[in-house]
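The values are calculated or read from the model by the stated rules, or taken from the named source; none is laboratory data. Treat the numbers as computed from the prediction; the structure is a model and nothing was measured. Cβ coordinates were reconstructed from backbone atoms using ideal geometry, including for glycine residues, and neighbour counts include every protein chain displayed. Accessible surface areas use protein heavy atoms only, side chains included; no ligands, DNA or RNA. Shrake-Rupley method; radii C 1.70, N 1.55, O 1.52, S 1.80 Å.
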Amino acid sequence: MKIEVIQGDITKIQVDAVVNAANSSLLGSSGVDGAIHKAGGKEILEACQYIRNRQGKCKTGEAVITTAGNLPAEKVIHTVGPVYNKGNKIEEELLANCYRNSLLLAKEYNLKTIAFPNISTGIYRFPKELAAEIAIQTVKKHPVVDKVIFVCFDEENYKMYLEKV
Ligand code: AR6
């Protein structure tokens, strides 16, 4: 499994699956979630609403899959990162679950290339360094796709990932 680190906008990346840092409502909001829904169009939102009607909210650490609408990717995997609060082990485990469950879903759908944003490090306030360690370690433990791309939006994350990968 190849691991790449790039700096950029995940809505522009051509991969089999783009991962979205969603919230449990699955109905889109701001941050990378807003960007994916805006660029991908209403097909993604409709698919999320369909899942909502079927299973209810998506729990923290879990993942669901939809069309990628107008994005260059084939699918979007929506996962819900933890809000960083007390800095306890459970939050770390939940973040690891996001990466693991997204990869397992990609495998289930026979998707070979996957792009991750830096889940939980924006509005959900997870410390960037700890989040990067969890992301990289978890991905390395689950070599179930051909290529993983960490798409860092900001320079700080980008440099950190380059050092750690
Ligand atoms: N491409 C790649 N990364 C991006 C992009 C982009 N276009 N835009 C932002 N980022 P955040 P969270 C980075 O806040 O912390 C939403 O409202 C950003 O710089 O998007 O998991 C959801 O609906 C940061 O490094 O997600 C939830 O309510 C990373 O993506 C909540 O935010 C994650 O930042 C989830 O919070």
- So which pairs qualify, if the first residue must be in the range 91-107 and touching a residue at least 40 places away in the same chain (Cβ under 8 Å) and farther than 14 Å from Val139 by Cβ, the second must be of a type outside the set (Ser, Thr, Tyr) and assigned to a helix (DSSP H, G or I), the Cβ gap must be under 7 Å, and the two must be at least 6 apart or on different chains? Glu92/Ile134
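Does the range 64-87 contain any residue that is of a type in the set (D, E, K, R) and within 14 Å of the ligand (Cβ to nearest atom)?
Quick first cut of the range 64-87, residues of a type in the set (D, E, K, R) only: 74-75, 86.
Now restrict to residues that are within 14 Å of the ligand (Cβ to nearest atom): none.
No, because not a single residue in the range 64-87 is of a type in the set (D, E, K, R) and within 14 Å of the ligand (Cβ to nearest atom).
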- Task: Give the range 119-147 a look and list any residue that's surrounded by 14 or more Cβ atoms within 10 Å (Cβ to Cβ), in contact (Cβ under 8 Å) with a residue 40 or more places away in the chain, in contact with a strand residue (DSSP E or B) (Cβ under 9 Å, 6 or more places away or on another chain) and not hydroxyl-bearing (Ser, Thr, Tyr), or say none.
- Result: Ile119, Gly122, Ile123, Ala135, Ile136, Val139, Val145, Lys147
- Note on the structure: Given (1) part of a strand (DSSP E or B); (2) more than 11 Å from the chain's Cα centre (by Cα); (3) free of Cβ contacts under 8 Å to residues at least 60 places away in the same chain, Ala47 misses just (1)
- Do we find a residue being at pLDDT 95 or above, loosely packed, with under 15 Cβ neighbours inside 10 Å, in a helix (DSSP H, G or I) and of a type in the set (D, E, K, R) anywhere in the range 97-106? no
- Positions within the range 2-40 being open to solvent by less than 20 Å² (accessible area, probe 1.4 Å) and either of a type in the set (D, E, K, R) or more than 8 Å from the ligand (Cβ to nearest atom) (or both), in sequence order: Val15, Ala17, Val18, Val19, Asn20, Leu26, Asp33, Gly40
- Message: Checking the conditions here, which among Lys147, Lys128, Lys159 is farther than 21 Å from Leu26 by Cα, within 14 Å of the ligand (Cβ to nearest atom) and touching a Ser or Thr at 6+ places or on another chain (Cβ under 6 Å)?
- Response: Lys128
- Counted residues, the range 55-75 - those being assigned to a strand (DSSP E or B) and out of contact with any helix residue (DSSP H, G or I) (no Cβ under 6 Å at 6 or more places or on another chain): 1
- Starting from the range 20-35, keep only residues that are under 16 Å from Leu95 (Cβ atoms) and in contact (Cβ under 8 Å) with a residue 60 or more places away in the chain, then list their pairs with residues that are part of a helix (DSSP H, G or I) and more than 6 Å from the ligand (Cβ to nearest atom) whose Cβ atoms are within a distance under 7 Å, requiring at least 6 positions of separation or different chains. Asn20/Ile36
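Based on this model, can you work out whether Leu111 counts as assigned to a helix (DSSP H, G or I), modelled with pLDDT of 95 or more, away from the ligand (no atom under 12 Å from the Cβ) and touching a Leu at 6+ places or on another chain (Cβ under 9 Å)?
On the way: assigned to a helix (DSSP H, G or I): no; modelled with pLDDT of 95 or more: yes; away from the ligand (no atom under 12 Å from the Cβ): yes; touching a Leu at 6+ places or on another chain (Cβ under 9 Å): yes.
Considered against the rule, which asks whether it is assigned to a helix (DSSP H, G or I), modelled with pLDDT of 95 or more, away from the ligand (no atom under 12 Å from the Cβ) and touching a Leu at 6+ places or on another chain (Cβ under 9 Å), Leu111 comes out as no.
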- Task: May I ask you to verify whether Cys48 is open to solvent by less than 20 Å² (accessible area, probe 1.4 Å), within 13 Å of the ligand (Cβ to nearest atom), of a type outside the set (Phe, Trp, Tyr) and farther than 26 Å from Lys128 by Cβ?
- Result: yes
